[in-house]
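Visitor: Before I ask anything, here is the structure I am working with.
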Amino acid sequence: MGTLLKPKLVLTYVMLLIGLVMIIPFLFMISFSLKTPIEMSQHPASLFISHPFTGNFETIFKHKTYFIWYLNSVKVVLGVLVLRGLLVTMAAYAFARLEFRFKNVIFMILIAKMMIPSDTTIVARFLLYKYLHLNNTHWAIILPAAFDVFFLFLLRQFFISIPKEISEAAIVDGCSHYKVYYRIILPLAKPALVTMVLFTFLWTWNDFASPFVFITDMKKQLLTVGLSYFQTEAGADYALQMAGAAVAVLPTIALFIFSQKYFVQGVTMSGVKG
């Protein structure tokens with residue numbers, strides 16, 4: 001009995017319970033995607049499936065713009081990943097390894113930016129993008145997401161945890177800072193980089209507000225907003241939306257499965273040194 005009350009075992013049971021609770025919405029999504037509209041109209045809707053209905057997925061695969069939205073989301077995510085990967089990693093290396101004037105002041109100003117919710121600037125951004133002729137283009141989503149202070153902080157902390165003697169030895173041997181950054185720091189920072197890729201993919205792939213506000217052309221729309229347009233005369237077709245969401249979540253699940261080892265390492269090691 002005493003073994004069951006050990007703190008670590010109790011914590012394990014608590015985390016297992018939380019995990020089961022968090023997976024319930026996912027189970028409802030799968031269940032609803034396999035129901036007919038008549039079954040969805042029943043109140044309360046049941047989680048159990050008596051006769052799986054695949055018609056929702058057939059409709060999704062035949063939809064004329066669903067895969068256009070899918071490809072648009074892939075395009076935006078890849079654009080954000082490339083630009084953020086370049087800008088954030090270079091900036092993090094500069095703050096972790098280089099010495100320059102007002103370095104700490106600039107870093108603190110950037111960190112303070114995290115205190116400002118992005119939704120409070122959405123009107124100002126809309127007017128700015130309109131002036132720059134970026135509205136109704138994917139650049140209105142890609143460019144603002146190209147730099148993120150959270151990942152700057154995470155990567156800086158990880159770069160600091162890498163022994164400085166390694167990069168100093170490389171510089172003594174004739175390597176430039178660019179070669180140290182590219183050939184030494186980035187390969188050693190793979191867990192932190194995978195963490196950034198995973199979170200960037202999740203946040204950009206699941207973003208609803210930005211495409212909803214800044215994109216009006218349905219052929220340029222992203223998947224998250226596109227799913228909300230599955231409507232019938234009686235209102236939203238929730239079974240169809242759940243089928244579309246189930247297909248949309250597959251890349252996220254696959255990415256997490258293949259990167260979870262590096263993801264855990266990146267989160268735990270990024271805060272080793274301040």
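The values are calculated or read from the model by the stated rules, or taken from the named source; none is laboratory data. Just so we're clear, the structure is a prediction, and the values are computed from it rather than from any experiment. Please note: Cβ atoms are built from the backbone with ideal geometry, for glycine as well, and neighbour counts cover all protein chains shown. To get the accessible areas, we keep the full protein, side chains included, count just its heavy atoms, and leave off ligands, DNA and RNA. Shrake-Rupley method; radii C 1.70, N 1.55, O 1.52, S 1.80 Å.
Visitor: SER176 fails exactly one of the following numbered conditions: (1) touching a residue at least 12 places away in the same chain (Cβ under 8 Å); (2) farther than 30 Å from PHE61 by Cα. What is the number of that condition?
Guide: Result: SER176 passes all but (1).
Visitor: Right, something else. Considering PHE61, PHE95, PHE102, PHE48, which residue is open to solvent by 90 Å² or more (accessible area, probe 1.4 Å) and under 30 Å from GLN157 (Cβ atoms)?
Guide: Exactly one of PHE61, PHE95, PHE102, PHE48 is open to solvent by 90 Å² or more (accessible area, probe 1.4 Å) and under 30 Å from GLN157 (Cβ atoms), namely PHE102.
Visitor: Restricting the search to the range 147-168, which residues are among the aliphatic types (A, V, I, L, M) and modelled with pLDDT of 90 or more?
Guide: Passing the criteria: VAL149, LEU152, LEU155.
Visitor: Can you name every one of the helices (runs of 4 or more DSSP H) wholly within the range 176-274 that holds 1 or more residues which are in contact with a Pro (Cβ under 9 Å, 6 or more places away or on another chain) and at pLDDT below 85?
Guide: Here the list reads 238-248, 250-269.
Visitor: Within the range 46-132, considering only helices (runs of 4 or more DSSP H) that don't extend past its boundaries, which have at least 2 residues that are modelled with pLDDT of 90 or more and over 30 Å from ILE215 (Cα atoms)?
Guide: Where helices (runs of 4 or more DSSP H) fall fully within the range 46-132 and carry at least 2 residues being modelled with pLDDT of 90 or more and over 30 Å from ILE215 (Cα atoms), they are 66-97, 103-113.
Visitor: Identify all residues within the range 184-193 that are touching a residue at least 60 places away in the same chain (Cβ under 8 Å), closer than 17 Å to ALA91 by Cα and open to solvent by 10 Å² or more (accessible area, probe 1.4 Å); write none if there are none.
Guide: Passing the criteria: LEU186, LYS190, LEU193.
Visitor: Those residues that are more than 8 Å from the chain's Cα centre (by Cα) and within 18 Å of PHE258 (Cα to Cα), I need them from the range 192-211; list them, please.
Guide: Residues satisfying the conditions are ALA192, LEU193, VAL194, THR195, MET196.
Visitor: For the range 105-127, which positions are among the hydrophobic types (A, V, I, L, M, F, W, C) and open to solvent by less than 90 Å² (accessible area, probe 1.4 Å)?
Guide: Passing the criteria: VAL105, ILE106, PHE107, LEU110, ILE111, ALA112, MET114, ILE122, ALA124, PHE126.
Visitor: Cβ contacts < 6 Å: first residue part of a loop (DSSP other than H, G, I, E, B), restricted to the range 136-165; second residue open to solvent by less than 20 Å² (accessible area, probe 1.4 Å), any location; separation 6+ or different chain. Result?
Guide: ASN136/ILE215; HIS138/VAL76; ALA145/VAL80; ALA146/ARG84
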